[in-house]
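Derivation of every value follows stated rules applied to the coordinates shown; laboratory data play no part. None of the values given here were measured: they were computed from a predicted structure. Note that each Cβ is placed from the backbone with ideal geometry, even for glycine, and that neighbours are counted across all protein chains shown.
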Amino acid sequence: MKKHNFYAGPSILPEVTLEKTAEAIKDFAGTGISLMSISHRSKEFVAVMDEAQQLFKDLLNIPKGYSVLFLGGGASTQFAMIPYNLLDKKAAYLNTGAWSTKAIKEAKLFGEVDVVASSEDKNFAYIPKGYTIPEDADYFHITTNNTIYGTETKTDLDVPVPLVADMSSDILSRPVDISKYILIYGGAQKNLAPAGVTFVIIRDDILGKVDRAIPTMLNYKTHIDKGSMFNTPPVFAVFALLQTLRWLKDLGGVEEMHRINEKKAALLYGEIERNTFFKGTANKEDRSLMNVCFVMNDGMEDKEKAFLDLATAKGMVGVKGHRSVGGFRASLYNALPMESVEALVACMKEFEQTSK
Ligand SMILES: *Cc1c(COP(=O)(O)O)cnc(C)c1O
């Protein structure tokens, strides 16, 4: 049976990414050697790294003066690396969920942290607005897409201090005005690649403003200077990432991707609103195009398992909500086809018909 993959991460990748990567495991770029065994210094892999960095820049229209890095350690290492490199005295953070909370915890190891607003009072169902950012903050950190709670900041904010964003789960899902940010980062396993590679878009001139000694591997300068080749990069994951970037370019780039993502999300949110058995959990204006969170409607909570069973029987995978929200979560990442959203909607309609 065809599976519909709604996992939140690692998650669905384009078919062509899987095919090209599978081929390269046997024979990488005609070398007769597996992608898993090729030197990262070989000219064939250096070409992969260069093209991946360039395509990332092209697709997001990244201005001159920024570097694109592909590192290990996950977005979670960035939670510490950012304050290590950028927090001199004080940083401002917006708390929009579990990932922001973790980023805040790490930043506190390095200096004063001003949490300017939090939506924890409503289990992170909305994005706070109307807060004041201290002008003397070294930077302001946001999580643009809150993977667990299904909320998203869908525009690029204008703020009075340098802006840093965790875009793990919405990178390349929409056009972004990169010039409004000094640093954007994320684990690539949500929208771009298998686990193992972390992307960082960094404005080169922001470094050198803290006095502390920074370990070599945690210093952005090391990786900028060496083009992400200071140590062995995640060769396999970077190769797969490049295949996804090529797929995205062929499809028409981030504008086209965004148009498709809006259509997919509108279809599912529309059904959640129409179908009396379900209700969304996120504030309407803040809800995510990438992670759609919903629960059984009031008084129908006991039907949750029955719906999950039906979804499973129809080949849906990964629809169970995160334990901190409950209910259901369907992740509609770039590679998820419209057909899978239609299948989920059909499943919700069938559930409505058969469980009256
Ligand atoms: C998944 C996720 C992370 C954690 O990423 P790792 O690569 O596992 O460290 C951080 N932030 C957001 C928004 C995420 O979705």
**Asked** Within the set of pairs 6 or more residues apart or between chains, which connect a residue that is over 24 Å from residue 64 (Cα atoms) inside the stretch 197-221 to a residue that is among the acidic types (Asp, Glu) with Cβ atoms less than 8 Å apart?
**Response** 211/88
**Message:** I'd like the residue in the stretch 142-168 that is without any contact (Cβ under 8 Å) to a residue 40 or more places away in the chain and more than 14 Å from the chain's Cα centre (by Cα) and, out of all such residues, is farthest from the ligand (Cβ to nearest atom).
**Reply:** 160
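What do you reckon, is residue 244 closer than 30 Å to residue 84 by Cα and not basic (Lys, Arg)?
Working: closer than 30 Å to residue 84 by Cα: no; not basic (Lys, Arg): yes.
No; evaluated as a whole, the condition is false for this residue.
I'm checking my understanding of the structure. Among residues of the stretch 102-141 that are in a helix (DSSP H, G or I) and buried (at least 18 other Cβ atoms within 10 Å of the Cβ), which one is farthest from the ligand (Cβ to nearest atom)?
Taking the stretch 102-141 as the starting set, the residues that turn out to be in a helix (DSSP H, G or I) are 102-107, 120-122.
If we keep only those that are buried (at least 18 other Cβ atoms within 10 Å of the Cβ) too, we end up with 103-104, 106-107.
Working: 103: 8, 104: 12, 106: 11, 107: 14 Å.
So the residue we want is 107.
Return the residues of the stretch 296-309 that are in contact with a strand residue (DSSP E or B) (Cβ under 9 Å, 6 or more places away or on another chain) and surrounded by fewer than 18 Cβ atoms within 10 Å (Cβ to Cβ); say none if nothing qualifies.
Of everything in the stretch 296-309, those that are in contact with a strand residue (DSSP E or B) (Cβ under 9 Å, 6 or more places away or on another chain) and surrounded by fewer than 18 Cβ atoms within 10 Å (Cβ to Cβ) turn out to be 297, 298, 300, 301, 302, 303, 304, 308.
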**Message:** Looking at residue 200 and the list (1) crowded, with 21+ Cβ neighbours inside 10 Å; (2) out of contact with any His (no Cβ under 9 Å at 6 or more places or on another chain); (3) not small (Gly, Ala, Ser), which single condition is not satisfied?
**Reply:** (2)
**Request:** Give the stretch 224-267 a look and list any residue that's in a helix (DSSP H, G or I) and small (Gly, Ala, Ser), or say none.
**Result:** 237, 240, 253, 265, 266
**Message:** Please count how many residues of the stretch 148-176 are in contact with a helix residue (DSSP H, G or I) (Cβ under 7 Å, 6 or more places away or on another chain) and surrounded by 18 or more Cβ atoms within 10 Å (Cβ to Cβ).
**Reply:** 11
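Based on what the data block shows, is residue 91 surrounded by 20 or more Cβ atoms within 10 Å (Cβ to Cβ), within 12 Å of the ligand (Cβ to nearest atom) and not in a loop (DSSP other than H, G, I, E, B)? Before you say what the answer is, go through the steps one by one.
Details: surrounded by 20 or more Cβ atoms within 10 Å (Cβ to Cβ): yes; within 12 Å of the ligand (Cβ to nearest atom): no; not in a loop (DSSP other than H, G, I, E, B): yes.
Here the answer is no, as residue 91 does not meet what is asked.
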**Item:** Failed criterion for residue 184 (all others in (1) touching a residue at least 60 places away in the same chain (Cβ under 8 Å); (2) within 16 Å of the ligand (Cβ to nearest atom); (3) of a type in the set (A, V, I, L, M); (4) outside any loop (DSSP other than H, G, I, E, B) hold)
**Value:** (1)
**Filter result for residue 165 (farther than 25 Å from residue 8 by Cα and not in a helix (DSSP H, G or I))** = no
**Fill in**
Within the stretch 40-63, residues part of a loop (DSSP other than H, G, I, E, B) and closer than 30 Å to residue 29 by Cα come out as 40, 41, 42, 60, 61, 62
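Every residue in the stretch 49-80 that is within 16 Å of the ligand (Cβ to nearest atom) and either over 16 Å from the mean Cα position of the chain (by Cα) or within 14 Å of residue 223 (Cα to Cα) (or both), please. Can you show your working first?
So the first thing to find is which residues in the stretch 49-80 are within 16 Å of the ligand (Cβ to nearest atom), and the list is 69-80.
Within the stretch 49-80, 69, 70, 71, 72, 73, 78, 80 meet the criteria.
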